[in-house]
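The values are calculated or read from the model by the stated rules, or taken from the named source; none is laboratory data. Owing to the predicted nature of the structure, the values given are computational and were not obtained by experimental measurement. Note that each Cβ is placed from the backbone with ideal geometry, even for glycine, and that neighbours are counted across all protein chains shown.
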Amino acid sequence: MRGLPSCGKTTRAKELAANGGLAFEFDEYFYTQIGEDHTHYDWSKDLLADARQWNVARITAALDQGISPIVIDDDNGLGKTTLSCVRHALKCGYQIEFREPQSPWWREIRQLLRDKQTNREALENWADKLTGLSRSTHRVPYESFLRRMEHWQDDLNVERIIEKAIRSAASPSK
């Protein structure tokens, strides 16, 4: 899955995985692995690496079992976590696809992101609305939405991620 928080990624991921597949949400760690109340979102920046490691282990195990489809509910970009999952999926013979939320507000935001400079004011308004939507779930701050919008890569595609995953596997670790 690819998209901003509070735009319908989790809903779409669950739909895609409904018939025997699995959806993996990175935020699940902060519900199920932290604290006593599994309905409470106990997010901590200090635990992001642990959350990523925990989820990658779960995704890798599902890939090894041949479960299909596997839907990774994350912002998805060119980060190490995505590249690691893509490398392992390719090794296991999976086809990689991008999917995005289907909410009407995501479709509008997606269009605005194509020209961030011209659409800055509208994107700022959306960041404010999304901040409000996220209050009941992940409590993503306004500044985080703006940062994610600013760094959004409109031209990112599956081929580019696969190419980078293969290249990073071939280059020696630093």
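Listed values, structure above:
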| quantity | calculated |
| --- | --- |
| The one condition in (1) touching a Ser or Thr at 6+ places or on another chain (Cβ under 9 Å); (2) outside any loop (DSSP other than H, G, I, E, B); (3) aliphatic (A, V, I, L, M) that residue 13 fails to fulfil | (1) |
| Whichever residue in the stretch 1-38 is in contact (Cβ under 8 Å) with a residue 60 or more places away in the chain and out of contact with any helix residue (DSSP H, G or I) (no Cβ under 7 Å at 6 or more places or on another chain) and, among such residues, is nearest to residue 82 (Cα to Cα) | 2 |
| Within the stretch 119-137, tally of residues that are touching a residue at least 60 places away in the same chain (Cβ under 8 Å) and closer than 30 Å to residue 159 by Cβ | 1 |
| Contacts under 6 angstrom Cβ, first residue in the stretch 98-118 being touching a residue at least 40 places away in the same chain (Cβ under 8 Å), partner buried (at least 16 other Cβ atoms within 10 Å of the Cβ) and outside any loop (DSSP other than H, G, I, E, B), 6 or more apart | 101/9; 101/12; 102/12; 109/126 |
| All helices (runs of 4 or more DSSP H) inside the stretch 69-174 with 1 or more residues being modelled with pLDDT under 95 and surrounded by 15 or more Cβ atoms within 10 Å (Cβ to Cβ) | 80-91, 120-134, 142-151, 158-170 |
| One residue from 96, 67 being farther than 22 Å from residue 168 by Cβ and over 13 Å from the mean Cα position of the chain (by Cα) | 67 |
| Filter result (surrounded by 21 or more Cβ atoms within 10 Å (Cβ to Cβ) and of a type in the set (Lys, Arg)) within the stretch 3-21 | 9, 12 |
| Flag if residue 54 is under 14 Å from residue 26 (Cα atoms), in a helix (DSSP H, G or I), aromatic (Phe, Trp, Tyr) and touching a residue at least 12 places away in the same chain (Cβ under 8 Å) | yes |
| Residue in the stretch 57-77 that is hydroxyl-bearing (Ser, Thr, Tyr) and closer than 24 Å to residue 161 by Cβ present | yes |
| All positions within the stretch 5-29 that are under 10 Å from the mean Cα position of the chain (by Cα) and of a type in the set (Val, Ile, Thr) | 10 |
